[in-house]
Amino acid sequence: MKVAIVMGTRPEIVKLSSLIKLLGKNSTVIFTGQHYDYNMSMQFMDELDIRKPDYSMKLTKLQNATTDRATQIGEIVLNLAKIISRIKPDTVLVQGDTNTVLAAAITGIKCSVPVSHVEAGLRSYDWRMPEEHNRIAVDHISEFLFAPTELAKNTLASEKVHGRTFVTGNTSIDAIQQNISKAEQKSKLSIDKKDEFALVTLHRGENVDSKEILSSIVQGLLRSKMDMIFPAHPRTVKQLQRFGLDKKIQKSENILIVPPVGYFDMMYLMKKCKFIISDSGGVQEEATSPSIRKKVLIIRKSTDRPEAVKAGYSELVGTGTQKIIHAIKKAKNDSKITSTTNPYGSGHSAEKILSILRKTL
Ligand code: UD1
Ligand code: UDP
């Protein structure tokens with residue numbers, strides 16, 4: 001069995017790490033370079049202790065978000081088609097909903113190689129999101145669909161996808177369970193027990209590319225007066241500067257904005273914080289892990305992780321200033337998690353995926 005694993009961004013590295021280790025020599029790892037800064041890519045491969053990719057691409061630095069996303073996908077398809085034709089894998093395996101995932105799935109099917117989609121069946125029903133376009137397209141051209149939950153499986157069934165669906169849990173939980181002790185030992189951060197803070201991450205295009213929405217969110221964070229640590233995604237840093245919001249944050253007394261942190265520091269911050277404020281998909285899942293168990297205030301209009309909301313780990317807040325202030329005030333007083341369920345599994349997803357691949361390929 002030969003599996004070509006294609007990945008290009010921070011969350012894909014995290015969520016494919018357990019599978020790469022388990023597959024070992026049965027895998028060829030191809031990195032598209034969609035995320036290119038060290039602290040958005042290689043740092044995660046180093047910390048999660050996965051081998052260097054067998055193939056690494058360098059994409060053109062892109063400037064214009066509308067036209068260049070098509071160019072980005074085109075560049076990946078062009079580069080990848082050569083590699084896939086050469087190595088002739090039994091499947092092209094992708095995870096999630098990024099442009100890398102769409103490009104790799106198109107390449108797989110057009111090179112007559114079946115596509116395996118990890119984290120299939122998620123929907124936000126928000127058509128502003130490029131991720132929603134990507135995952136719907138990929139789900140419909142995949143042969144093997146690894147749904148994290150029964151809900152995702154039912155969604156795929158209702159859409160009458162062509163491929164076979166299996167429920168496996170989410171590999172983000174594998175990564176935490178395998179790395180949490182090491183992360184706590186290796187993190188360079190040291191936070192005093194009495195320092196109460198919220199952890200903030202923001203990067204969704206529909207939030208940070210709109211001046212109105214980003215200003216509304218930043219106002220909510222500033223006016224809440226809650227102490228916060230905010231590791232900012234490079235896209236968010238650029239947009240905060242463009243809209244003149246960066247100085248307001250730097251001058252504030254409650255928000256500490258820092259560059260993106262690596263996996264070890266992120267796990268440390270997730271464990272130490274009182275609660276989380278985020279628009280990240282992966283963070284909503286990670287907060288449900290038995291090692292983290294933290295409340296997430298979701299700064300979005302919809303979520304593709306409703307299982308975590310239903311289980312009481314997260315709350316859909318929206319992007320309005322008043323709603324954010326109110327939700328933070330409430331979480332400051334009570335952010336206790338009482339749920340006893342793990343909606344995304346307990347950390348054995350890669351084993352389930354591998355056993356299915358062995359039986360089916
Ligand atoms: C992408 C994914 C998103 C995922 C996120 C994870 C798509 C459509 N979106 O969003 O689903 O949640 O990754 O973080 O694929 N940049 C840098 N350095 C980097 C990477 C990005 O400066 O290493 C900046 C560049 O200005 C770039 C912008 O961020 O143009 C956006 O990067 P891109 O990969 O297109 O999308 P993300 O917002 O990272
Ligand atoms: N993450 C990290 N450092 C950060 C922000 C996020 O290590 O500064 C991790 C996070 O814990 C999760 C992954 O990156 O494992 C999620 O990536 P992101 O939020 O960028 O993407 P999404 O999950 O929304 O696609």
Over the chain, give the accessible area per residue in Å² for a 1.4 Å probe, as an integer.
43 Å²
For region 292-361, averaging the sequence separation of alpha carbon pairs under 8 Å that lie six or more residues apart and dividing by its residue count, the contact order in percent is 31 percent
Correct semi-axes for region 240-361, from √(5λ) of the alpha-carbon gyration tensor and rounded to whole Å with the largest first, are 30, 18, 15
Please report the antiparallel percentage of DSSP beta bridges with both residues in region 1-154, rounded to the nearest 5.
0 percent
Give me, ordered by chain and number, the residues 5 or more places off Thr28 or on other chains with an amide H under 5 Å from its own placed amide H.
Val3, Ala4, Ile5
For the chain, with all protein chains present and a 1.4 Å probe, just round the carbon and sulfur fraction of the accessible area to a whole percent.
52 percent
With the chain treated as a Gaussian network of Cα nodes joined by springs under 10 Å, which of His233, His326, His140 yields the largest mean-square fluctuation?
His326
So how much slack lies between Asn333 and Thr60, counting 0.36 nm per residue of separation and subtracting their Cα-Cα distance, in nm?
93.5 nm
Within the under-13-Å Cβ sphere about Asp90, not counting Asp90, Lys/Arg +1 and Asp/Glu -1 give a net charge of +3
In a shell of Cβ-Cβ distance under 14 Å around Phe243, excluding Phe243 itself, what net charge do Lys and Arg (+1) and Asp and Glu (-1) give?
+3
Where in the chain are the DSSP H helices whose alpha-carbon span along the long axis reaches 15 Å or more and whose Kyte-Doolittle mean is at least 0.5?
10-23, 99-110
Counting Lys and Arg as +1 and Asp and Glu as -1, what is the net charge of the other residues whose Cβ lies under 12 Å from the Cβ of Glu286?
+3
Starting from the Cα gyration tensor of region 126-258, take the square roots of the eigenvalues, sort them a ≥ b ≥ c, and report rounded, prolate or oblate (rounded when a/c is under 1.5, otherwise prolate if a/b is larger than b/c, else oblate).
oblate
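The values are calculated or read from the model by the stated rules, or taken from the named source; none is laboratory data. Computed from a predicted model, the values in this text were never measured in an experiment. Reconstructed Cβ throughout: ideal geometry from the backbone, glycine too, with neighbour counts over all protein chains shown. Ligands, DNA and RNA are stripped out before the accessible areas are found, and what is left, the full protein with its side chains, is counted by its heavy atoms. Shrake-Rupley method; radii C 1.70, N 1.55, O 1.52, S 1.80 Å.
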